[in-house]
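The values are calculated or read from the model by the stated rules, or taken from the named source; none is laboratory data. Fair warning: this is a prediction, and the values are worked out from it, not measured in the lab. Every residue, glycine as well, gets a Cβ built from its backbone with ideal geometry; the counts of neighbours run over all protein chains shown. Heads up: the accessible areas ignore ligands, DNA and RNA and are worked out on the full protein's heavy atoms, side chains in. Shrake-Rupley method; radii C 1.70, N 1.55, O 1.52, S 1.80 Å.
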Amino acid sequence: MKQFQYTVSDPMGIHARPAGLLVKVTKPLDSTITIQKADGKSAQSTKLMAVMGLAIKAGNTVTVTVEGGNEEDNFRTIQQFFQENL
């Protein structure tokens, strides 16, 4: 299991467009990727409505967990996605 924390800088937070991109990037990965807010609510990154349901706003810090599969490569992929898109 690998984790990183990320503070969302997109002024709109994780709304429909970036959530859709997140799902598109993570579905082909062979790891389970979970996003968790500070309040404990979490969602798998492949479930669009669950990710949007977290209502992540600009300035919120989330913990991203990558488990199973090719963790090392998938961790780098998802970390890069967050840095470039959120």
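List of remarks:
- Residues that are more than 12 Å from the chain's Cα centre (by Cα) and part of a loop (DSSP other than H, G, I, E, B), drawn from the range 16-31: 28, 29, 30, 31
- Cβ-Cβ under 7 Å pairs, at least 6 apart or on other chains, the range 1-22 side over 23 Å from residue 71 (Cα atoms), far side of a type outside the set (A, V, I, L, M) and surrounded by fewer than 16 Cβ atoms within 10 Å (Cβ to Cβ): 13/57
- Contact map, the range 65-85: first residue more than 17 Å from residue 24 (Cβ to Cβ), second residue open to solvent by 80 Å² or more (accessible area, probe 1.4 Å) and among the charged types (D, E, K, R), Cβ cut-off under 7 Å, separation 6 or more or different chains; pairs are 69/30; 70/30.
- Looking across the range 32-41, the residues that are open to solvent by 60 Å² or more (accessible area, probe 1.4 Å) and assigned to a strand (DSSP E or B) come down to 32, 36.
- The set of residues from the range 54-86 being over 15 Å from residue 43 (Cα atoms), open to solvent by less than 30 Å² (accessible area, probe 1.4 Å) and among the polar types (S, T, N, Q) comprises just one member, 74.
- Residues of the range 42-51 include none that is of a type in the set (Gly, Ala, Ser), assigned to a loop (DSSP other than H, G, I, E, B), under 17 Å from residue 2 (Cβ atoms) and in contact (Cβ under 8 Å) with a residue 40 or more places away in the chain.
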